[in-house]
Amino acid sequence: MICFSSPAILLKRTDVGDYDLIISFLSLHRGRISVIAKNAKKSRRRFSGLLEPFTKLDIVCRKSRNNGMPVLQEASMKSSYTGIRGALIETAYASYWTELIHGWLEDYKSQPGIYRLLDYCLDALDQKQVSPHVMSVIFQVRFMGLTGFSPHLESCMACARLIDDIRSNTVLFDLAKGGIVCNGCSAGEGRFQLPISKGTAKFISWIQANDADSAMRLRFNSQSLEEARHVLEAFVPYHLGRMPKSLKFLKDLR
Ligand SMILES: [Zn+2]
């Protein structure tokens, strides 16, 4: 009766009646999946303390009798991320990343790169290896790369002038075009364009081109961090098509 087993990170829980929960996971082997956890609300022993936001588990699921949603059969804890759970800002970032992944991915489409990215970033956040603001910049840049939406930052998207040949120190990040435009090419489209220094654009490019370990060793100056965060937290929801609730909460919190 076993349908599959996989490491999995909890993305979302939804109450179903008085007894059950529907759980969405990002699983290593099957991508985003939704399963039903029977009696998880009613019984304290069943899955006790396991089905919390962004816990990392090993799960075993079986087919349901009527061919509906798979049923969560067993779960064992791989990491409960107590370092994240005990801190409000870290919890807010982890909630943003998991909401983003839940909203972006389709069910049963294996995305091992995204699983590894989330796993890596949650570990780093939990162990407080770098500031959570830096970690979220790294997460978003790499997430956009893995989903095929890497911003184009090497040259103006309208006239193709290379960033080093643009005279001004500031360019505009065009959310709809998904990259930078020089000031000469920016007329009339102000609503979806945010100013960004060339230094910050190069800095985001560098994170795109290198691995997360190297990016974590970078020294972020506060202006670049602020600009990168501002641009990414506009660019990502623009392509998602809505503002994640957890991002709004995060912004209020800061
Ligand atoms: Zn241009």
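The values are calculated or read from the model by the stated rules, or taken from the named source; none is laboratory data. Computed from a predicted model, the values in this text were never measured in an experiment. For neighbour counting, all protein chains shown are included, and Cβ atoms are generated from backbone atoms with ideal geometry for every residue, glycine included. These accessible areas exclude ligands, DNA and RNA; they are computed on the full protein's heavy atoms, side chains included. Shrake-Rupley method; radii C 1.70, N 1.55, O 1.52, S 1.80 Å.
Brief remarks follow.
- Here the accessible area of the chain is 48 percent carbon and sulfur, with a 1.4 angstrom probe and all protein chains present.
- The chain, relative contact order in percent, only Cα pairs under 8 angstrom and at least six apart counted: 16
- Options Thr91, Gly31, Ser64, ranked by Cα towards positive dipole end of segment 1-106, top entry (Cβ charges): Ser64
- Difference of contour (0.36 nm per residue) and Cα-Cα distance, Ser64 to Leu88: 4.9 nm
- Inter-part distance, segment 160-215 to segment 96-138, computed on C-alpha centroids, equals 24 Å.
- Surface analysis of the chain yields an accessible area of 49 Å² per residue, using protein heavy atoms and a 1.4 Å probe.
- With Cα atoms, 0 to 90° folded angle of helix 88-104 axis to the chain main axis: 90
- Remark: accessible surface ordering of Phe220, Phe139 (largest first) is Phe220, Phe139, probe radius 1.4 Å.
- Helix 198-209 and the long axis of the chain differ in direction by around 40°, with both axes built from C-alpha atoms.
- What the Cβ-Cβ distance of Asp18 and Gln129 gives, at R0 = 45 Å and to the nearest 0.05, is a FRET efficiency of 0.60.
- Shape category assigned to segment 90-132 from the gyration tensor of Cα positions, a/c cut at 1.5: oblate
- In the chain, the longest principal axis of the Cα atoms and the axis of helix 112-126 are about 90 degrees apart.
- For segment 169-254, relative contact order (Cα pairs under 8 Å, six or more residues apart, normalised by length) works out to 27 percent.
- Spatially proximal lysines relative to Lys38 (Cα-Cα < 17 Å; intrachain offsets below 8 disregarded): Lys12, Lys63
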